[in-house]
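Okay, so here's the structure we're looking at.
The values are calculated or read from the model by the stated rules, or taken from the named source; none is laboratory data. The structure displayed is predicted, hence computed values, not measured ones. Please note: Cβ atoms are built from the backbone with ideal geometry, for glycine as well, and neighbour counts cover all protein chains shown. These accessible areas exclude ligands, DNA and RNA; they are computed on the full protein's heavy atoms, side chains included. Shrake-Rupley method; radii C 1.70, N 1.55, O 1.52, S 1.80 Å.
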Protein chains: 2
Amino acid sequence: MMIRTRKSATGEAPRERLLAAAGAILARDGYNGLTMERVAAESGVAKTTLYRHWPTKAALCMDLYLAEAARELHDPDTGRVADDLRYVVNTVVRLQTRTIAGPALVGLIAEAQIDPSTRQAFLAEFAQRRRAITRMILERAIARGEVRRDVDVDLVIDLLGGATTFRLLQGHAPLNARFADALVALVLAGAGKRK
Amino acid sequence: MMIRTRKSATGEAPRERLLAAAGAILARDGYNGLTMERVAAESGVAKTTLYRHWPTKAALCMDLYLAEAARELHDPDTGRVADDLRYVVNTVVRLQTRTIAGPALVGLIAEAQIDPSTRQAFLAEFAQRRRAITRMILERAIARGEVRRDVDVDLVIDLLGGATTFRLLQGHAPLNARFADALVALVLAGAGKRK
């Protein structure tokens with residue numbers, strides 16, 4: 001298969017060097033400083049190789065976000081939905097405010113609006129991958145009877161992720177642990193079993 | 001005063017012509033089709049006048065959004081928080097999916113990420129103006145005892161506005177009346193008085 005041959009010919013090392021260079025630029029200069037030209041120049045990898053891995057800046061930002069999230073965020077499976085969700089929302093808040101995941105997400109969202117073809121990739125891949133852990137947490141909570149069986153899991157994920165992303169993008173109010181805990185408490189008060 | 005003289009010399013007519021041209025471009029070609037050059041050309045107003053009113057595309061998008069919202073959205077004051085919020089969220093969903101307010105908001109958010117000076121204006125003016133009606137609704141609901149006195153009003157606004165904006169930007173799930181009604185029900189289940 002042509003695609004497999006191409007992938008194995010490229011190898012993993014240039015990809016890692018490109019991601020490292022892009023991450024360093026994002027950390028130093030933010031989303032505005034990130035250009036495909038600079039990533040190629042600072043990594044020492046050919047621009048054609050860069051574009052083979054990521055045809056757009058949005059695709060590059062998506063992988064930067066997912067790599068950072070994969071390092072920092074796991075399914076905690078504590079046995080209690082409140083503890084699980086507090087861990088996830090607090091970790092996402094920390095990712096977005098203290099790591100390059102913040103500017104990567106901001107960049108990805110901005111680029112996705114400008115380039116409709118990006119938006120499709122964004123929709124299909126990124127959104128589902130970001131939602132997977134919270135979905136598992138909520139499905140376990142429904143099975144244990146902590147969350148009502150008729151709750152719309154996608155809506156709950158939108159409440160948690162939407163409020164957090166809203167503060168990241170608008171910057172109108174603090175994005176911190178106090179916000180994360182209050183967010184989880186209010187959403188679970190709505191989604192939990194009536195006492 | 002210099003600013004007043006400048007404003008009255010400019011008059012209201014060119015501003016309205018510029019807004020009408022920008023709205024028409026946005027409706028026809030979306031956010032990507034909107035450039036300052038085209039707005040000036042299609043309105044027949046000098047580019048210097050355009051930039052005097054709106055120094056950036058983001059500022060122009062903000063006024064396009066606010067003008068559309070002012071026409072379509074008012075404080076319903078029905079006497080019931082559930083009816084008030086259902087009206088507001090459904091109207092915002094309709095604004096974002098059926099009018100130029102959608103591409104204007106998408107454009108504004110994307111531009112605000114790219115240009116940090118825009119983000120300040122976005123933060124200070126736009127976010128507060130967008131939040132004003134929902135704030136009044138929730139404060140009346142607290143006074144009437146429909147919503148708990150200790151509820152964080154800003155957090156509730158973030159849940160409603162965040163989930164809606166999240167679907168608009170990510171396009172991962174439908175933004176429709178069913179979503180709007182379920183969103184209000186879940187948030188009020190969390191924020192309402194315990195039965």
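Brief remarks follow.
- Surface share of carbon and sulfur [accessible, 1.4 angstrom probe, percent] for chain B: 55 percent
- Interface burial for A against B (accessible surface, 1.4 Å probe, total of both chains, Å², rounded to 100): 3600 Å²
- In terms of its C-alpha gyration tensor, segment B:8-53 comes out prolate, because a/c is 1.5 or above and the ratio a/b outweighs b/c.
- Contact order, relative form, for segment A:58-191: 32 percent (alpha carbon pairs under 8 Å, 6 or more residues apart, mean separation divided by residue count).
- If you count Lys pairs in the protein assembly as shown whose Cα atoms are under 18 Å apart, skipping same-chain pairs closer than 8 places in sequence, the total is 8.
- Under the Karplus curve 6.51 cos²θ - 1.76 cosθ + 1.60, θ = phi - 60°, whole-Hz ³J(HN,Hα) for segment B:145-162, x wherever Gly or Pro sits: x, 7, 10, 4, 4, 8, 5, 7, 4, 5, 5, 4, 5, 5, 5, 5, x, x
- With the label put 7 angstrom out from Cα along the Cα-to-Cβ vector, B:Asn32 ends up 2.4 nm from the copy partners, going from closest to farthest.
- Accessible area per residue for chain B is 45 Å², calculated with a 1.4 Å probe on protein heavy atoms, without ligands, DNA or RNA.
- In segment A:143-165, the residues whose accessible area drops by at least 50 square angstrom when the other protein chains are added to the isolated chain are A:Leu155, A:Asp158, A:Leu159; the probe is 1.4 Å and only protein heavy atoms count.
- The mean of 1/r over all pairs of different alpha-carbon atoms in the protein assembly as shown, once inverted, gives a Kirkwood hydrodynamic radius of 22.5 Å.
- Within chain B, the proportion of Cα pairs with more than 28 Å between them is 33 percent.
- Chain B - mean residue ellipticity at 222 nm from DSSP helices (-39,500 (n - 2.57) per run, n ≥ 4, rounded to 500): -24500 deg cm²/dmol
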